[in-house]
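Input: a single structure, listed below in structure tokens.
Nothing in this text is a laboratory measurement; each read-out follows from the coordinates by a stated rule. Nothing here was measured: the structure is a model prediction, and the numbers come from that model. Positions of Cβ are backbone-derived with ideal geometry, glycine not excepted, and every protein chain shown enters the neighbour counts.
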Amino acid sequence: MLLDRLPERAAITQLLDTARAGHSGVLVMRGEPGVGKTALLEYAVDSAAGLRVARVAGVESEMELAFAALQQLCAPMLDKLGSLPDPQRAALGVAFGLSTGSAPDRFLVGLAALGLLSEVAVQQPLLCVVDDAQWLDRASAQALAFVARRLLAEPVALVFATREPCEEFRGLPELPVGGLGDGDARELLGSVIRGPLDERVRDRIVAEARGNPLALLELPRGVPGVPGVAGASGSPGRIEENFRRRLAVLPAATRRLMLVAAAEPTGEPALVWRRWCGGRQSGSASAPRSSRRRRTPDF
Ligand SMILES: Nc1ncnc2c1ncn2[C@@H]1O[C@H](COP(=O)(O)OP(=O)(O)OP(=O)(O)O)[C@@H](O)[C@H]1O
Ligand SMILES: [Mg+2]
């Protein structure tokens, strides 16, 4: 359940209503790791009744692959390719690896992406959700920023979430996402503690988390005497370090499975499983007997 976030929810609702009324809108949500950007994007998707939804997330390991993210966003819309002017269709075809040719003109790719989204939105208002924009490949970030700046009367809502300011998105409407208020922070903390908790310990966790929901959910694992949770953790940076440590003690096969799952952009369990099984059959990922019995990591 999403706690707090009234101004952010209102901004999202307004954006969606604007698209429903036939006009475009853009929001760039920015905030530190774990602050709740993806949770707000989920809220946008859940609230997008009547809109078609297109989603993409930047993938750190694909940052060097030009147009990787744009391709993922536009792939379900390629049936509209025929509606684009020839030079744009050709540029997008090369960018997405549908045809061969020299490196496409980025202006033409931007125009083509704009044309494609607009064409889709003619049939139904469109919500485009771009998560982890800090990891977009540069070519996709430029194309999406280009689209964001030129959308006018098209019923397209474009929402980005990013940890850091992106050069490409400068000047677009920003929605800073900060920590939860004290009351909501305590409520979220209370939702993961099973049993009585010393008031001073509770205060310390709330103070250290600074309203960051991920910290509130993970910090208690690092505090001795906190009932119902185990482990070690800290601020957003330390939380990442904590995950790293918890991963390090998992069996090699489990870690490899998690790596495959993390690298798989669609989040499709069947696909992850097939790749995982394929890797094991080829002998590159054979697991020790004991670790194969372990089904999933205990996160
Ligand atoms: N307003 C909220 N109320 C309750 N739980 C929340 C809220 N916001 C976020 N959370 C929870 O906190 C955790 C972190 O949130 P989320 O994944 O959205 O962060 P993020 O900003 O996207 O982080 P990252 O930059 O690492 O992607 C999730 O488990 C999410 O469900
Ligand atoms: Mg996120």
About the Cα centre of segment 102-205, what is the dipole size in debye to 20, counting +1 per Lys and Arg Cβ and -1 per Asp and Glu Cβ, all else neutral? 60
Taking the inverse of the average 1/r across all pairs of different Cα atoms in segment 107-177, what Kirkwood radius in Å do you get? 12.6
Computed label-point distance, nm, for sites ARG186 and VAL45 using a 7 Å Cα→Cβ extension: 3.4
For each of PHE160, PHE169, count neighbouring Cβ atoms within 10 Å of the residue's Cβ, then give the residues from fewest to most. PHE169, PHE160
Once phi is turned into ³J(HN,Hα) by the Karplus curve 6.51 cos²θ - 1.76 cosθ + 1.60 with θ = phi - 60°, what whole-Hz value does each residue of segment 125-136 show in order, with x for glycine and proline? x, 10, 10, 9, 10, 10, 8, 6, 5, 5, 10, 5
Global size of segment 1-71 as Cα Rg and Dmax, reported in angstrom: 13.9, 38
What shape does segment 51-198 take by its C-alpha gyration tensor, where a ≥ b ≥ c are the square roots of the eigenvalues and a/c under 1.5 counts as rounded, a/b above b/c as prolate, and the rest as oblate? prolate
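Ordered by packing density, taken as the mean number of other Cβ atoms within 10 Å over each peptide's residues, highest first, how do 199-206, 136-143, 173-180 rank? List each step's numbers first, then the result.
Values: 199-206: 14.1, 136-143: 23.2, 173-180: 16.8.
So the order, starting with the most tightly packed, is 136-143, 173-180, 199-206.
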